Amino acid sequence: MNSNKVKVVFFSRSANEAFARGVISAFVAPLDPTVAELSDIKTAVSEAVTNCIVHAYPDEVGKIELTADVQAENKLVITITDKGIGIEDVERAMQPMYTTGSPEERAGLGFAVMKSFMDELKVRSKTGKGTKITMVKYIRSR
C-alpha cells in the first residue's frame, strides 16, 4: 500500500474522545486490521486523547492534534499532540499507577495501556509547552 496520512485537530472536550476513536478506525480500515488490532489501536488513541483532556488542559479547553500515517509494510504511526501544561517528569509519568489527577478518579494506567497495546510508544514533553505522544502499530498482513 502507498503511504497515506491524515491530520485532524479538535478541542479537548470529552465528547471528542469518541470522535478520535472513530477517525482512527475509519483511517485504518483499508489496512484490514484484525478485530484485536483495531481494538488495540482505538484503546491506545482513546487513552492518549483522554490524557490530553484531563491532564494537558486541566482548567481550560485546548486543541488536540491527531496525526496518523501509514508507511511501508503496514506501519501505522499515530501522534497525539497538545499545547497544554506539559509533563514535568515523563519517566515518572509513564510508571503504572502514577497520576497527577485525583487518585479516586484516575488509575494512573494511561501510558501503561498505550504501551501494552502498541508496538512502540514514545513521549516527549516540555513543561508549559505541551506533549507529543508517538505510537506505532504494525498491522499484520493476512
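Please treat every number below as a calculation from the coordinates, not as lab data. This structure is a prediction, so every number in the text was calculated from the model and none was measured. With ideal geometry, Cβ positions are generated from the backbone for all residues, glycine too; neighbour counts draw on all protein chains shown.
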Item checked: From phi via Karplus (6.51, -1.76, 1.60), per-residue ³J(HN,Hα) for region 113-124 in Hz, x at Gly/Pro -> 5, 4, 5, 6, 9, 10, 7, 9, 9, 9, 10, 10
Check: Gain in length, Val9 to Ala36, computed as 0.36 nm per residue apart minus the alpha-carbon separation, to one decimal in nm?
Finding: 7.1 nm
Next item on the list: Compute the Rg/Rh shape ratio of region 15-85: radius of gyration over Kirkwood radius, all on alpha-carbon atoms.
Entry: 1.01
Item checked: For a label point 7 Å along the Cα-to-beta-carbon line of Val77, residues of region 1-45 with backbone N under 14 Å -> 3-7
Check: Of Lys5/Lys126; Lys42/Lys129; Lys5/Lys122; Lys83/Lys115; Lys75/Lys129, which ones are farther than 24 Å apart at the Cα?
Finding: Lys5/Lys126; Lys42/Lys129; Lys75/Lys129
Checklist line | Spin-label model distance (nm) - Thr67 vs Tyr138, 7 Å beyond Cα toward Cβ | finding: 2.3 nm
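Give a quick list of GluC sites (Glu not before Pro) in region 1-60 that DSSP marks as loop, anything other than H, G, I, E or B, with at most 10 other Cβ atoms within 10 Å.
Glu60
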